[in-house]
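Visitor: First the structure, then my questions, so here it is.
The values are calculated or read from the model by the stated rules, or taken from the named source; none is laboratory data. A quick note: this is a predicted structure, and the numbers were derived from the prediction, not measured. We place every Cβ from the backbone using ideal geometry, glycine too, and count neighbours over all the protein chains shown.
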Amino acid sequence: MVGSSHEALHRIFQKDPTLLTKALQKVLHVPFPEPREIAALNVDLTEIEPVERRVDTLLRAETDEGTYLLVVESQGKVDERKRGSWPYYLSYLYEKYRCEPVLIVTTQSSTTAKWASRPIRFGFRGWHSMTVRPLVLGPDNVPLITNGRQAEKDVPLAVLSAMTHGRGPQAPAILESLAAALRTIDPDSAAVFVQFVDSCLADPQAKLMWRDLMTAIQYFWRHPLAEQVREEGREQGREEGLEQGRAETRAQMVLRILEWRELPVSDDVRRRVESCTDPKQLETWAKRALHVKNPSELFAPSSE
């Protein structure tokens with residue numbers, strides 16, 4: 001189980017290694033050669049001396065142009081110690097594997113992304129003995145995927161979008177689009193992606209919204225993250241209690257989306273939403289809540 005955003009931001013590339021090369025090509029526009037094969041390697045860089053060093057994720061990519069080591073580092077904040085450790089990782093890995101190492105940094109912070117993208121240079125002015133240039137994936141260059149069809153075309157990239165942009169006014173549309181796209185892939189992969197996103201959502205409102213969405217499509221219920229919710233459901237009583245709980249959760253999701261968008265929710269709107277027990281109706285209202293200008297528009301007759 002992924003326990004933190006730090007883990008999720010690099011382990012997603014272990015789940016889908018091709019996402020990393022696609023991100024380099026499509027997000028950073030780096031002409032990285034198309035891999036024939038990608039394999040995960042041991043991340044332990046500890047030497048005989050009692051100094052432990054580990055990279056976050058290490059992948060070996062076999063391409064027509066040669067073999068590359070993809071070194072993925074998840075970075076939560078500025079840390080000047082990386083000025084020494086990142087060059088060490090690259091030189092050590094080249095010495096060990098005799099393959100060209102490529103450093104990729106992932107982050108949810110624009111400030112950290114700007115810091116990490118600065119070249120690390122050793123030497124004196126006009127003559128650098130070594131230069132390390134990290135490739136950085138973060139909120140400033142990972143695309144905002146807020147359209148369901150776009151998310152379906154590349155679900156792993158949509159997951160990365162949610163992991164790096166899952167906050168602010170765009171969050172409801174991002175999460176809703178991803179939730180819809182998860183229905184189109186196999187449940188086991190979807191459950192893993194659900195966990196990655198859940199671990200990266202630092203905003204409490206965004207996390208609540210994501211769990212509401214996952215409850216609605218039932219991926220969340222088959223995942224360890226839902227254990228507490230399942231226990232509450234058992235106390236309410238088997239299927240009847242679960243159905244009631246799901247309806248209540250969907251109703252709260254509708255209200256949370258409206259509140260997230262800072263729309264005034266009247267007592268009448270709140271009562272009508274909370275009293276509804278039809279899951280399909282509540283799901284329709286939740287989708288409308290992402291776009292309406294006035295909460296009363298939730299109840300407009302369907303044009304379908």
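Visitor: Would you please name the residue that is surrounded by the most Cβ atoms within 10 Å (Cβ to Cβ), looking only at residues in the stretch 130-140 that are over 14 Å from the mean Cα position of the chain (by Cα) and in a strand (DSSP E or B)?
Guide: Checking each candidate, the answer is VAL136.
Visitor: Here's a follow-up. Can you give me the number of residues within the stretch 268-292 that are without any contact (Cβ under 8 Å) to a residue 40 or more places away in the chain and not in a helix (DSSP H, G or I)?
Guide: So the count comes out to 5.
Visitor: What's the number of the condition SER161 fails, among (1) surrounded by 21 or more Cβ atoms within 10 Å (Cβ to Cβ); (2) on the phi > 0 side of the Ramachandran plot?
Guide: (2)
Visitor: Next up: Looking only at the stretch 163-177, count how many residues are at pLDDT 90 or above and touching a Phe, Trp or Tyr at 6+ places or on another chain (Cβ under 8 Å).
Guide: 2
Visitor: When you scan the stretch 228-267, how many residues do you find that are farther than 19 Å from LEU208 by Cβ, modelled with pLDDT of 75 or more and in a helix (DSSP H, G or I)?
Guide: Of the residues in that region, 1 qualify.
Visitor: Assess whether PRO101 counts as being touching a Phe, Trp or Tyr at 6+ places or on another chain (Cβ under 6 Å), closer than 17 Å to LEU20 by Cα and surrounded by 16 or more Cβ atoms within 10 Å (Cβ to Cβ).
Guide: So PRO101 passes the test.
Visitor: So how many residues does the stretch 84-114 have that are closer than 23 Å to PRO139 by Cβ, outside any strand (DSSP E or B) and more than 21 Å from the chain's Cα centre (by Cα)?
Guide: 1
Visitor: I'd like the residue in the stretch 14-41 that is under 16 Å from the mean Cα position of the chain (by Cα) and farther than 16 Å from GLU62 by Cα and, out of all such residues, is modelled with the lowest pLDDT.
Guide: It comes out as LYS15.
Conditions tested, residue by residue: (1) over 17 Å from ILE12 (Cβ atoms); (2) free of Cβ contacts under 8 Å to residues at least 60 places away in the same chain; (3) surrounded by 15 or more Cβ atoms within 10 Å (Cβ to Cβ).
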{"residue": "VAL142", "(1), (2), (3)": "no, no, yes"}
{"residue": "ASN147", "(1), (2), (3)": "yes, yes, yes"}
{"residue": "VAL155", "(1), (2), (3)": "no, yes, yes"}
{"residue": "GLY168", "(1), (2), (3)": "yes, yes, no"}
{"residue": "ALA171", "(1), (2), (3)": "yes, no, yes"}
{"residue": "ILE174", "(1), (2), (3)": "no, yes, yes"}
